[in-house]
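Participant: Submitted below is the structure of interest, expressed as C-alpha cells.
The values are calculated or read from the model by the stated rules, or taken from the named source; none is laboratory data. The structure displayed is predicted, hence computed values, not measured ones. We place every Cβ from the backbone using ideal geometry, glycine too, and count neighbours over all the protein chains shown. Ligands, DNA and RNA are stripped out before the accessible areas are found, and what is left, the full protein with its side chains, is counted by its heavy atoms. Shrake-Rupley method; radii C 1.70, N 1.55, O 1.52, S 1.80 Å.
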Amino acid sequence: MEVLEVKNVDLNCLQNCKSHHTQSFGTNRLIVRRGQAFGLYLHFQNRDWNDDKDKITFTVETGMKPCESLGTKSTFPLGGNTDQNLWSACYKQLDKKCLSVNLLSPVNACVGCYLLNMCLISCDHTHSQKLGEFYVLFNPWCSDDPVYLDNEAYREEYILNEHGIVFQGLPKHITSHAWHFGQFQDDILEICLKILDSSTNFLRDPGMDCSCRNDPAYICRVLNNMICCHKKKSILKLPPNNNCVQGVNPSIWNGSIPILRQWYHNKCKPVKHGHCGTLAAVMCTVLRCLGIPSRVVTGFYCPLNAVDPLIIQEVFDFTGKSLNGKEHIWRYHCWNESWIAQKDINQSGGDWQYLDPTPIETSKGSVCSGPIWVKSIRDGDVDTDSDGPHVFGLLNARITAWVSQGRGKKIKLHCETWPCGQCISTKSAGSDLREDISNAYKYESGSLQEKKALYKAYRKINSRYLNAPNSEIDKDLVSQRNKSLKDIGIAMKFKMANCPVYGQDVQMHWVLKNLCNEAKDRKFNLCAQTMTYNGCLLDQVWKDNIHITLGPKEVKTILITIPYDDYGPHLCDHNIMRVVAVSMPEHKGEVMMVERDVLVDSLPVKIKILDHPRMNAPCSAEVIFSNPLKEDLKNCMLHLEGYRLIGEPTATKLGTLSANHMAQTCVEFTPHNYGRHQFMASISCDKFCNCKGYAIIDMGSPPTTSGEGGA
C-alpha cells in the first residue's frame, strides 16, 4: 500500500467561529473557546484512510517555552473518543479521501495563541506538517469553566456587546457617557495578549506565567496591574495633580480602541492620560476580549486614599472653604466586575468579583485591588483578600465634618453627612438604562445584616475591636457621628432651582426651618468651590454672607444665584462644584453647616440620522452643536467615532465658533456589519472637552441561511 499523502487541511474557520461565538473577530482565522470541540477536514491526495496503516498525532503548544508538565504543550493521538479534561481528537470518515476531525481543548486550557502541528505515520513513513495558528479563549458557555455564566442575556451583554455606558456625575445628578469597548476589532486580541506578555510575571518567568493563564483570576490580577500600575509599560497614566498639559485630557476618549492601539504602536509606552472611568473601560475591553464576562461599575462618594478606612475627616474654615489635604472623597469612582468562580476561596459557582485598576498609594507603593468577591465585601469578610479593608472602607466609611478654629483646634459641626458608596450603578443588560446594584455591595441601611457586617469588618480592620462587644463599637460610631441640625432646632437644605447647563447661572433654594417656639438669629458665610471628580477642591469662585432671622416655627426659602461669569472660568472637565453655608459660632460654640454638590451639564451635541441605514449603502448623519455663550469658543475640534460605520476615529478642526452660533456638520457613513453600532461625536475647545453625543445605528440580524455544513 502506498504512503498516504495529505492534499490539504481545512480549519473550517467560518463554522468553528460561529459555534464558538467568536465570529465577531472575523472568520478568516481560527478562534475557539476552551472545553468545546472544534472541527477540521483532512483531505487526502492519493487514496483512502486506512485505520491499520495510517496513524495521526497532533501537537498543540503556546507561549515562548512550551512544556507538557506546565500544561502549555500537549501531544495526543487521533482516536475514537474525546476527553474534556485533556487535549484529544476523534474523527469520522466523510468520504473515501476525507476525514472530519474534532479536536477538544480541555476546560482548563491556558488561553493564548497556539501552534497546531500534525504528524502522519503511514506505512512506516512519517510526515510532519504545520497546520497553523489558532487562539483559545475562556468559555462562558461551558458549565465547567470558572467563567461560566448561565444567562444568555448576560452573555450577550458582558461578553459580546462592544458598546456600553459609563456612569459619572453625582448621586442626585447621574450622567451617562457612551463608550465603545470594541473587543472584537481588528488586532485587539493580539494587543490583549501583548499586554499579558508585557507583565512583570511574564518577563520574570515566561513559562510559568503562560502556565498560569488557565486561571481567569490570575489573568485578572495581571491585567489589573498592567492597566495603570506597571512601572514602565502601563496602558495608561493618570494625569499628575489633575494636570493634562503633557497629554490627552481623559474626557476626550470615547472608546478603548485608540488607547490600546496607541500603546501597542508606541512600543508599549503608557498613554497619557486616563481617569478611573477610562481605566475601568479599557480593562473591560481586555477582559471581554479574552472571554471573561466583565462590566464597568460606578459608585458615588468614595474615599480612595483614606488614611483610616473606617473614618474620613472633612475640615472647613468659617467661610465654608474645604481645608482637606491629600484625603479626598471622590465624587464618583469607576471599577470593574468580572464573573468568575474563584477556586482559591472554594466558590462552587461563578459570581461577580471586584476589580479596581485605579492604583491607590500604600506604604508598599501603588497597588490595585482585586479580584475580591463582591459578596464578601457586603458581608464584612474583609480578610479574604489583602485589599478587603480598603474596599470595605471605600463603600462604608463614615464621614465626620469639622470647622477649623486655627492652631490645630477644630469644632465638630452640626450637619447632615452622607454615606460613602452611594448609588452603585452599572448598565442594565440589554438596554442603556442604569441598574442600581448597591444591594450587592451593602445591606439595607439600618438592617440587622448591615450591623452584623459592620461589626465583623470593624473587628478585622482594627485590632482594638477584636474582642470588643458590639455595644463598644456602637458607642464609638455614635461618638464619631456629627450632631444633627435638629439638635439645635433648625433644619436646612439646598434644593436646585434649575438644572444648569454650561453658560447658565446656578440657582438654588436655601430652605431653612425653625423647629423651636422661640426666634432664631444666625449669621452665615456662603461659598462655592469648583472641584475635580476625585475630590480635589480648586478655586473659591463665589462667596457671600447673610444674616437670617427665623420666627418661631418659621420656614424661609432664600434664592441663591451663582453667576456663570463667576464659576465658568474655573470649572474643570467634570463640571462639579460644592456650595457650602456655615454659621458663625454662638456663645455655646455651636456651628451649623449645610452643603450641596452641583453638577453643571455640558453643552449637548445632537446627532440626527438623515437616511434609513441600509447594509453597504452610503448614509448621512448631521452633527449639531450650539454655542449659547456670550463669547467665542476657540480651537474647536470635532471628534467622530463609529467603528464599522466610518472606520477609524477622526478629528476635524472647526476653528472658532462665534457666540450664540450653531454649527452643523454632515457626516457620511456606510454600515458594513449587522447588529447595533454606536455613532459618537464630541466637541472640544480651549474651554472644555466633554461635550458629547451618540446615536445607535441598529442594522438588525443577518439573514439565516440553510445548508451550512460543519465538522
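Participant: Which one is surrounded by the most Cβ atoms within 10 Å (Cβ to Cβ) among residues in the stretch 405-417 that are out of contact with any Phe, Trp or Tyr (no Cβ under 7 Å at 6 or more places or on another chain) and either free of Cβ contacts under 8 Å to residues at least 24 places away in the same chain or assigned to a strand (DSSP E or B) (or both)?
Facilitator: Residue satisfying both the conditions and the ranking: His414.
Participant: Need at least 3 residues that are in contact (Cβ under 8 Å) with a residue 60 or more places away in the chain and out of contact with any Leu (no Cβ under 9 Å at 6 or more places or on another chain) per element, so show me which strands (runs of 3 or more DSSP E) inside the stretch 250-364 make the cut, counting only ones lying wholly within it.
Facilitator: So the answer is 294-303, 311-316.
Participant: Write out, first by first residue and then by second, each pair whose Cβ atoms fall under 6 Å of each other, whose residues are 6+ apart or on separate chains, and whose first residue, in the stretch 642-661, is at pLDDT below 85 while the second is open to solvent by 30 Å² or more (accessible area, probe 1.4 Å) and not in a strand (DSSP E or B).
Facilitator: Short answer, once both residue conditions are applied: Arg644/His672; Arg644/Asn673.
Participant: On the basis of being out of contact with any Leu (no Cβ under 7 Å at 6 or more places or on another chain), closer than 19 Å to Cys17 by Cα and of a type outside the set (Asp, Glu), does Asn85 make the cut?
Facilitator: Criteria not met by Asn85.
Participant: How about the stretch 196-240: which of its residues are β-branched (Val, Ile, Thr) and within 20 Å of the chain's Cα centre (by Cα)?
Facilitator: If the condition is that a residue be β-branched (Val, Ile, Thr) and within 20 Å of the chain's Cα centre (by Cα), then Ile219, Val222, Ile227, Ile235 are the ones that fit.
Participant: Among the residues of the stretch 450-470, write down those that are surrounded by fewer than 16 Cβ atoms within 10 Å (Cβ to Cβ) and in contact (Cβ under 8 Å) with a residue 40 or more places away in the chain.
Facilitator: Scanning the stretch 450-470 gives a single hit, Lys452.
So that you can scan it fast, the table gives a plain yes or no per residue for (1) open to solvent by 10 Å² or more (accessible area, probe 1.4 Å); (2) over 30 Å from Asp539 (Cβ atoms); (3) of a type in the set (Val, Ile, Thr):
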residue: Ser256; (1), (2), (3): no, yes, no
residue: Trp263; (1), (2), (3): no, yes, no
residue: Pro270; (1), (2), (3): yes, no, no
residue: Ala281; (1), (2), (3): no, no, no
residue: Cys284; (1), (2), (3): no, yes, no
residue: Gly291; (1), (2), (3): no, yes, no
residue: Ile312; (1), (2), (3): no, no, yes
residue: Phe316; (1), (2), (3): no, no, no
residue: His333; (1), (2), (3): no, no, no
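Participant: While we're looking at this one, here's another question. Please work out which residue is most open to solvent (accessible area, probe 1.4 Å), limiting yourself to the stretch 428-449 and to residues that are in a loop (DSSP other than H, G, I, E, B) and hydroxyl-bearing (Ser, Thr, Tyr).
Facilitator: Among them, the one singled out is Ser445.
Participant: Give Lys495, Lys486, Lys475 a once-over and let me know the one that is open to solvent by 70 Å² or more (accessible area, probe 1.4 Å), in a strand (DSSP E or B) and either in contact with a strand residue (DSSP E or B) (Cβ under 9 Å, 6 or more places away or on another chain) or without any contact (Cβ under 8 Å) to a residue 60 or more places away in the chain (or both).
Facilitator: Lys495
Participant: What number of residues within the stretch 518-553 satisfy the criterion of being closer than 25 Å to Ala306 by Cβ, touching a strand residue (DSSP E or B) at 6+ places or on another chain (Cβ under 9 Å) and in a loop (DSSP other than H, G, I, E, B)?
Facilitator: Counting residues in the stretch 518-553 that are closer than 25 Å to Ala306 by Cβ, touching a strand residue (DSSP E or B) at 6+ places or on another chain (Cβ under 9 Å) and in a loop (DSSP other than H, G, I, E, B) gives 4.
Participant: Another question about this same structure. Could you tell me whether any residue of the stretch 217-226 is open to solvent by less than 20 Å² (accessible area, probe 1.4 Å), part of a loop (DSSP other than H, G, I, E, B) and either among the polar types (S, T, N, Q) or closer than 21 Å to Tyr158 by Cβ (or both)?
Facilitator: There is no residue in the stretch 217-226 that is open to solvent by less than 20 Å² (accessible area, probe 1.4 Å), part of a loop (DSSP other than H, G, I, E, B) and either among the polar types (S, T, N, Q) or closer than 21 Å to Tyr158 by Cβ (or both).
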